[in-house]
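Asks: Below you'll find the structure I mean.
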Amino acid sequence: MPARNFREMLEARWTQNHFVCVGLDTDYPKIPEAAHKGSVVETMFRFNCAIVDATYDLVCAYKPNIAFYEAQGLEGLSALSRTTTYIREAAPEVPIILDAKRADIGNTNKGYIQAAFQTFKADAVTVNPYLGGEALQPFLDQVDKGIIVLCRTSNPGAGEFQDLKVDGVPLYLIVARRVANEWNKNGNCGVVVGATYPEELREVRREVGDMPILLPGIGDQGADVEATVTAGKDSRKRGIIVNSARAIIFASKGPDFAEAARQKTLELHNMINQYR
């Protein structure tokens with residue numbers, strides 16, 4: 001079986017006008033009663049399967065956040081592994097982004113790489129730039145995988161460090177430049193920019209050219225879709241991975257949760273393409 005190249009998979013989805021990334025932030029206590037299947041692992045897995053079955057024809061990626069699976073211990077991690085295996089089988093054309101925000105010294109990162117790309121079968125992973133390019137090199141060397149670097153995050157306190165000036169330039173722009181100009185030699189990098197900060201997003205887009213930008217913050221965090229798409233799209237009116245998690249997967253607390261997730265995904269899909 002040929003290696004799955006994240007960027008090629010993403011471009012294929014963009015060609016079909018798919019820009020929604022469904023965040024599989026499967027917070028066990030929030031799973032609707034109708035989706036419960038006995039054990040924690042079976043409940044989380046079956047819930048995710050129902051969401052994937054309902055949405056895979058509308059999305060550019062799935063993004064499980066590992067925290068929600070780690071919270072449930074071995075059962076949660078088993079559910080994550082089973083989920084990514086299922087996506088590979090049911091929607092093989094859709095890439096999987098493991099939202100793990102990994103960062104450590106280079107030798108330790110080799111273990112993170114094995115976990116992300118072998119154990120959990122991801123096509124891309126989010127990483128933290130704080131330790132520098134030397135430490136991230138084992139990730140950057142994964143030619144077929146997506147390495148998506150935190151740049152300007154969506155949380156309200158993001159500016160505490162990210163807005164600090166380095167020779168008059170905000171740190172998040174220094175990160176964007178470093179990723180675009182030095183770390184992206186294999187063409188496998190992207191950056192994370194919160195959709196909650198459209199002006200900063202516009203600045204980052206200018207720095208990174210047509211590099212993919214993962215955009216959290218749509219949905220429950222309240223980011224504006226029109227402002228996000230306008231500021232984030234690349235020169236080809238593509239380049240965006242618009243993530244929404246809770247607003248989609250927990251759109252209904254009833255037995256229609258999968259249908260409701262599809263409807264929310266379709267609404268976001270239509271809005272993105274309206275503003276492109």
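Rule-based calculations on the coordinates, nothing more; no lab input. Model, not experiment: these values are computed from the prediction. As a convention, Cβ positions derive from the backbone with ideal geometry for all residues, glycine included, and neighbour counts pool all protein chains shown.
Asks: Between region 251-268 and region 182-216, what is the separation of their alpha carbon centroids in Å?
Replies: So the separation of the two Cα centres works out to 29 Å.
Asks: By how many nm would the segment from LYS30 to LEU164 grow when fully extended, if each residue of separation counts as 0.36 nm and the alpha-carbon distance is taken off?
Replies: Once the chain is fully extended between LYS30 and LEU164, it gains 44.5 nm.
Asks: Label points 7 Å out from Cα along the Cβ direction at ASP53 and VAL143: separation in nm?
Replies: Reported label-point gap for ASP53 and VAL143 is 3.9 nm.
Asks: Here's a follow-up. For ALA12 and THR119 in the same chain, what is the full-extension length gain: residue separation times 0.36 nm, less their Cα-Cα distance, in nm?
Replies: Contour length minus Cα-Cα distance gives 36.0 nm.
Asks: Follow-up. For region 87-169, give the magnitude of the charge dipole about the Cα centre (Cβ charges: +1 Lys/Arg, -1 Asp/Glu; no others), in debye to the nearest 20.
Replies: Roughly 140 debye for region 87-169.
Asks: Now, a different point. Suppose only helical runs count, i.e. DSSP H with n ≥ 4. What mean residue ellipticity at 222 nm does that imply for the chain under -39500 (n - 2.57) per run, divided by all residues and rounded to the nearest 500 deg cm²/dmol? Before the final figure, lay out each step's value.
Replies: Working: 12 runs with 120 residues, N = 276.
After summing the helix terms and dividing by the residues of the chain, the value is -13000 deg cm²/dmol.
Asks: Just how large is the dipole of region 6-275 about the Cα centre, in debye to the nearest 20, putting +1 at every Lys and Arg Cβ and -1 at every Asp and Glu Cβ?
Replies: It comes to approximately 260 debye.
Asks: Follow-up. By how many degrees, between 0 and 90 and to the nearest 10, does the Cα long axis of helix 6-15 differ from the longest principal axis of the chain?
Replies: It is inclined by approximately 80 degrees.
Asks: Calculate the length of the line joining the C-alpha centroid of region 110-143 to that of region 53-93, in whole Å.
Replies: 18 Å
Asks: Rank-order 212-222, 154-164 by packing density, defined as the average count of other C-beta atoms within 10 Å over each peptide's residues, highest first.
Replies: For the peptides 212-222, 154-164, the packing ranking is 212-222, 154-164.
Asks: Continuing with this model, one more query. Cross-chain or 8 or more residues apart, Cα under 20 Å: how many lysine pairs in the chain fit that? Count them up, please.
Replies: For the chain, qualifying lysine pairs total 18.
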